[in-house]
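Student: The structure that follows is given in the form of structure tokens.
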Amino acid sequence: MAALSQASTAALARLRAFKPPPTSYNTLPLSRRAAVLILLFADRRGDLRVILTIRSAKLRNYAGQAALPGGKADLETETAWATARREAEEEIGLPATDAGLPKGYTVEALTELPLNLAMTELGVRPCVAWLKTSNPSSDIARELLPKLDAREVAAVFTAPFEQFLRQKDEDAAEGEWYRGAWHSWYHEPWRMHMFHVPVTPRTVFRSQEEGNAVLDAETAPCSPASKAPVLLADRAAQAYGTAPTPASEDKSQTTNRSVKHKDALDMPRYRVFGMTARILVDAARVAYGREPDFEHNSHFGDEDMIARLMKMGRLQPKKEKGEILTRDVMQAAAEVDLNGEEKGKL
């Protein structure tokens, strides 16, 4: 690992200094709490990279999607940080404590970001960490990433962290980096980001369990050849209503159906979109102290909306059959007065 670049040093300092606003995480029912780990490390140029996973093909939720290591809390007393570390150990083999790390490695907790509201009605707390080593010749990715739980993870890959603020991939000669479009998600237009992360044998590690790791390039959401992310966005638009989308961006949703690789994990780029993309954009905004090159939602996370939903009686410990956060529910939540009485209840 090379010495940290000036930009990386400054980014880590901003993350350490970031003070998240008050959170509803500990007032959510246990069944609604989840956390993800934004694990950063330095590449050979001293630039920061972030560790991501491709979810197993056999998972019930979000199969084949790119995600940050993480999952649901186990205990009322478990902090978001502890949940994120435990899940990272289970999914990618990162020891939950420094004592279990190889000699010379440490993990520093940098900060936590505001809660995000998942479509599965979980409050997701991003926890940002810095994986560092005292050995300048260490290859962090190869030494720590290949221990995958094939039941949950089809592959692990890394991406340049600052790149999640950029419109174009300046380092790659070929291939698209970013697409974006406005959709109606919640009670207001929501920017859906799609990033196409280039991968190489050096930056991706696959599970050895074929049944969970083989992903169809035409359907797996992580594949740039797949229409799945667009279809998922369309389903959200149907549930929450339709927001105007500029015609120029409508064209960006068309998909090249000429698939040269049957397995999505053999493709040269993996697609990162949805809440994972939004979390990465927000984390990079904090770290690098600037806004992205593309349009985006200016607020961080969904603390305000989660608090409103809880006040109107939603996000209960047990999800009722057929319960869904429709546009009407989200609109009613938007009208809740957090300092007084709610105006609507659904």
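The values are calculated or read from the model by the stated rules, or taken from the named source; none is laboratory data. It should be emphasised that the depicted structure is a prediction, and the values quoted were computed from it without experimental measurement. Positions of Cβ are generated from backbone atoms using ideal geometry, with glycine treated the same way; all protein chains shown enter the neighbour counts.
Student: Tell me, yes or no, whether the range 46-65 has at least one residue that is within 17 Å of the chain's Cα centre (by Cα) and on the phi > 0 side of the Ramachandran plot.
Tutor: Yes, the range 46-65 contains at least one residue that is within 17 Å of the chain's Cα centre (by Cα) and on the phi > 0 side of the Ramachandran plot.
Student: Additional query: Exactly one condition in (1) assigned to a loop (DSSP other than H, G, I, E, B); (2) modelled with pLDDT of 95 or more; (3) among the hydrophobic types (A, V, I, L, M, F, W, C); (4) closer than 28 Å to Gln208 by Cα is not met by Phe294; state its number.
Tutor: Here Phe294 meets the rest and fails (4).
Student: Would you be able to say whether some residue in the range 121-139 is modelled with pLDDT under 90, in contact with a Ser or Thr (Cβ under 9 Å, 6 or more places away or on another chain) and loosely packed, with under 14 Cβ neighbours inside 10 Å?
Tutor: yes
Student: Can you name the number of the only condition in (1) β-branched (Val, Ile, Thr); (2) under 15 Å from the mean Cα position of the chain (by Cα); (3) modelled with pLDDT of 90 or more that Val153 fails?
Tutor: (3)
Student: Looking only at the range 311-332, how many residues end up being surrounded by fewer than 20 Cβ atoms within 10 Å (Cβ to Cβ) and closer than 24 Å to Pro22 by Cβ?
Tutor: Here the count works out to 5.
Student: Could I ask something else about it? Mind listing just one residue for me: the one in the range 156-166 that is modelled with pLDDT of 95 or more and not aliphatic (A, V, I, L, M) and, of those, farthest from Ala67 (Cα to Cα)?
Tutor: Among those that are modelled with pLDDT of 95 or more and not aliphatic (A, V, I, L, M), it is Arg166.
Student: Kindly indicate which of Ala264, Ala284 is touching a strand residue (DSSP E or B) at 6+ places or on another chain (Cβ under 7 Å) and either modelled with pLDDT of 95 or more or of a type in the set (Gly, Ala, Ser) (or both).
Tutor: Being touching a strand residue (DSSP E or B) at 6+ places or on another chain (Cβ under 7 Å) and either modelled with pLDDT of 95 or more or of a type in the set (Gly, Ala, Ser) (or both) holds for just one of Ala264, Ala284, which is Ala264.
Student: Also, I was wondering about something else. Applying the selection to the range 95-129, what residues are under 15 Å from the mean Cα position of the chain (by Cα) and either of a type in the set (A, V, I, L, M) or not in a strand (DSSP E or B) (or both)?
Tutor: Leu113, Pro114, Leu115, Leu117, Ala118, Met119, Thr120, Leu122, Val124, Val128, Ala129 - these are the residues of the range 95-129 that are under 15 Å from the mean Cα position of the chain (by Cα) and either of a type in the set (A, V, I, L, M) or not in a strand (DSSP E or B) (or both).
Student: Please verify whether Ala96 is over 21 Å from Ala284 (Cα atoms) and of a type outside the set (S, T, N, Q), treating the condition exactly as stated.
Tutor: The answer is yes for Ala96.
Student: Of Ser258, Ser248, which residue is surrounded by fewer than 12 Cβ atoms within 10 Å (Cβ to Cβ) and either at pLDDT 95 or above or part of a loop (DSSP other than H, G, I, E, B) (or both)?
Tutor: Only one candidate passes the filter, namely Ser258.
Student: Would you please name the residue that is modelled with the highest pLDDT, looking only at residues in the range 197-214 that are outside any loop (DSSP other than H, G, I, E, B) and of a type in the set (D, E, K, R)?
Tutor: Checking each candidate, the answer is Arg206.
Student: Looking at the range 297-331, which of its residues are at pLDDT 90 or above and more than 26 Å from Asp74 (Cβ to Cβ)?
Tutor: Asn297, Ser298, His299, Phe300, Asp304, Arg308, Lys311, Met312
Student: Could you identify the single residue in Thr97, Thr83, Thr106 that is farther than 22 Å from Pro221 by Cβ, among the hydroxyl-bearing types (Ser, Thr, Tyr) and at pLDDT 95 or above?
Tutor: Answer to the selection: Thr83.
Student: Still on this structure, please answer the following. Are there any pairs with C-beta distances below 6 angstrom linking a residue in the range 15-26 that is among the charged types (D, E, K, R) to a residue that is surrounded by 19 or more Cβ atoms within 10 Å (Cβ to Cβ), with the two at least 6 apart or on different chains, and if so which?
Tutor: Arg16/Leu110
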